[in-house]
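Report on the structure given below.
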Amino acid sequence: MDTTQEPSVVVTVPDSSVEAMASLGVPWVFRPLRLRRANREDVIRVPARLEDWLPPDHLARQIWTTVEGLDLAEFYVDIQVEDGTPGAPATDPLLLVAVWVYATSQGETCARAVADLCVNHVAYIWLCGGVSMNYHTLSDFRTQYGAALDPLMTQVVQRMRDAGLIEFDAHAQDGMRVRASAGAASFHREATLSKSLEKAQAQVQVLEQARAAETSDLSAREQAARERAAQERVERLTAAQAELPAVRAVKPADERGDARVSSTDPEARVMKMADGGFRPAYNWEFVVDTARLVITGVEVVNAGSDKAQTLPMLAQDQRRCGRLPHDWLMDGGFVTLSAIEAAEVEQRVRVLAPVPEPKDETRDRYTPLPSDSPAVAEWRQRMGTDEAKETYKLRAATVECVNAQARTSHGVYQVRVRGRAKVRCVALWVAITHNVLIWIRDAHAQTPPAALAQPVSLA
């Protein structure tokens, strides 16, 4: 090719691309570039002490300090290993609580992922302080300490109350439906559940007989794993059958024969979600102080309706805080006249909730009905005032924001555990973490936490 007739093509490429450009058959001029290139032969120097790995104001340090100041005695009750006795030492519950609070603050809900982070992320490594962490320890601790998590939640709320971080002008209540760890295809009628249970029981017998006769080609470990999986399926199907009466009880009489229960998570229920679809889910209930956004109440139910949750959450709020607020804000899903009557008369709180639209469009919904009790009549009239309407706006700006934060910041889109008791443990972790972060924020208002460290691999 006669290059004198054609202008040269100036191409800016690294020297590694010279051969590739030459193969094109086009005249070109190479222009060397000065670049910062990867060199994995370099020796990287890191602090020798774990204590030096994080800045003084890192969130992980602040969480550790906060958790360290709490009474965690109930987490130590079941530990049997003592100094001078045989057996491996138990992992300190203080460490596990701090790790799960920090993980939840980062939106990490998977125990396996947290176990990996305890090896590869400087903040988690610092929290562990040289203690190795495995998936099973983390997973079991998160869901098997409901009896200790509930008092811990109360303790955090009371500590924050004593520090002046909870106010009692108004508390707001709202429900949030969270997808369960089960699919729609796992829901079956009684006949299908019975057949599946018979097959599962037969499988358990076959495995046990093969082990007894020593005719199995599997190793002892594989044999035990299969037997355990088969037995767990029997237990889930048995639990599913036991849930059928509860499902039938809430259905109309003509639909009770169509009652279905999940064979994966029998306690989950199909609920209408925010996007309009129907999926297996649990209903999370939060109570929030509208002034500070502190969560003062948390519960998990498997009923899609919120109508039965007003009085239980009022009782819980009083138990955790020691008193009730002046105003109680809730949306229309909670409104029942009996609950309003009990809240106003027995609990002595002022209910702020929307008055349903009357069937008669000519009637003013804020005008008391002849059948209304004095408390209900007062509630109707109150909700027609500008003052009540203005105060009620706090509900959407507070508890709904907390629900949204639970989804976006704490990873609460779908739970990874099964059973209401375990799901409630996850909800408690979210509430405790949410409150601890507010505690840290307000206690260190002048020195906010440093930006969170990015994951760093030290392998």
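At a glance:
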quantity	calculated
Sites matching GluC sites (Glu not before Pro) across region 201-261 that sit in DSSP coil, with at most 12 neighbouring C-beta atoms within 10 Å	GLU214
Taking SER263, SER409 and counting other C-beta atoms within 10 Å, the order from fewest to most	SER409, SER263
Neighbour-count order for ILE44, ILE438, fewest beta carbons within 10 angstrom listed first	ILE44, ILE438
Table column - 3J(HN,Hα) (Hz), region 86-101, Karplus curve with 6.51, -1.76, 1.60, x for Gly and Pro	x, x, 6, x, 7, 6, 4, x, 4, 4, 5, 4, 5, 5, 6, 5
Relative contact order %, the chain, counting alpha carbon pairs below 8 Å whose residues are six or more apart	22 percent
Share antiparallel - DSSP beta bridges, the chain, percent rounded to 5	65 percent
Cα-projected label distance for ALA48 with ALA163, points at 7 Å along beta-carbon direction, nm	3.6 nm
Signed unit charges on C-beta, dipole axis of region 186-262, positive-most listed residue SER196, LEU244, ALA213	LEU244
Packing-based exposure ordering (other Cβ within 10 Å, fewest first) of ILE79, ILE440, ILE125, ILE63	ILE79, ILE440, ILE125, ILE63
Close Lys-Lys pairs in the chain, where close means Cα under 23 Å and separation is 8 or more or interchain	8
Correct choice for P(r) over Cα pairs in 10 Å bins from 0, in percent that was computed from the model, options (i) 4, 20, 31, 27, 14, 3, 0; (ii) 4, 15, 21, 21, 16, 11, 7, 4, 2, 0, 0; (iii) 4, 18, 25, 23, 15, 8, 5, 2, 1, 0	(ii)
Amide H contacts of VAL412 (H built 1.01 Å from N, under 5 Å, at least 5 apart or other chain)	ARG407
Unit charges on C-beta of K, R, D, E only; dipole of the chain, Debye	620 debye
Using θ = phi - 60° and Karplus 6.51 cos²θ - 1.76 cosθ + 1.60, couplings along region 251-265 (whole Hz; Gly, Pro as x)	9, x, 4, 7, 10, 5, x, 9, 4, 10, 9, 6, 7, 8, 9
Integer Hz, Karplus 6.51/-1.76/1.60 couplings in order for region 385-394, x for Gly and Pro	8, 5, 4, 5, 5, 5, 5, 5, 4, 4
Under 5 Å, built H, 5+ apart or other chain: amide partners of ARG350	ASP327, TRP328
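Values in this text are rule-based calculations from the coordinates and carry no lab data. It should be emphasised that the depicted structure is a prediction, and the values quoted were computed from it without experimental measurement. Methodologically, a virtual Cβ is constructed for each residue, glycine included, from the backbone with ideal geometry; neighbour enumeration extends over all protein chains shown.
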